[in-house]
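Step one of this worksheet: look at the structure below.
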DNA sequence: CGTCTGACTTAGT
DNA sequence: TACTAAGCCAGAC
C-alpha cells in the first residue's frame, strides 16, 4: 500500500507556515463542531483548516486525539463514506453502531450515506455555533 | 540518521 | 473502472 517514492527526499521544503500544535487544535476544533447525525471527511477537514493536501495529517491527528474529540471522531469518514478508522474502536461495527444511534444511514455495511449526512465544515464556520475557529 | 508507513485525497494513465 | 504516482508530515524501526 505504500507509494514508495523513488527518490525519497523530493518533498517540497517550503512549509513550516503552520505549527503542528496549531494544526491539531484547528482539526480538533472542527471535529468537535460536527453535529450528531452528520458526518464529514478527512479531506474536508483538511481544507477547512487550511491544509487542503494534508488529509493524512487529519487522520494522524485523529489517531492521537484527546478524549473529548474521540467522542465525536466516529463522525469522520473517508471521502467515500467508508469507516476507515473503525478499527480505532476495536471494530468498524462499533463505529457504525455509534453513527446509527445518531440517525446516520448506511449504503453498505461500513459505508455511510454521504449524500444524506455529509456535513461541510466550511459552511458551518459561518454559523453562530462555531466557537473553535478564531479569525486569523 | 535514513527509510517506510499511515484513521487520506486527487490526478493521471 | 482500476491501478499508479504523488503530495503531506509525524512516528516507528
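Here is how the numbers come out for the structure above:
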| item | result |
| --- | --- |
| Residue check for residue A:101: surrounded by fewer than 19 Cβ atoms within 10 Å (Cβ to Cβ), away from DNA strand C (no atom under 16 Å from the Cβ) and modelled with pLDDT of 95 or more | yes |
| Residue match in the range A:33-42 (condition: within 19 Å of residue A:110 (Cβ to Cβ) and in a helix (DSSP H, G or I)) | yes |
| Those residues of the range A:76-107 which are in contact with a strand residue (DSSP E or B) (Cβ under 8 Å, 6 or more places away or on another chain), over 18 Å from residue A:65 (Cα atoms) and part of a strand (DSSP E or B), in sequence order | A:82, A:106 |
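The values are calculated or read from the model by the stated rules, or taken from the named source; none is laboratory data. Worth saying up front: this structure is predicted, and the values here are computed from it rather than measured. Note that each Cβ is placed from the backbone with ideal geometry, even for glycine, and that neighbours are counted across all protein chains shown.
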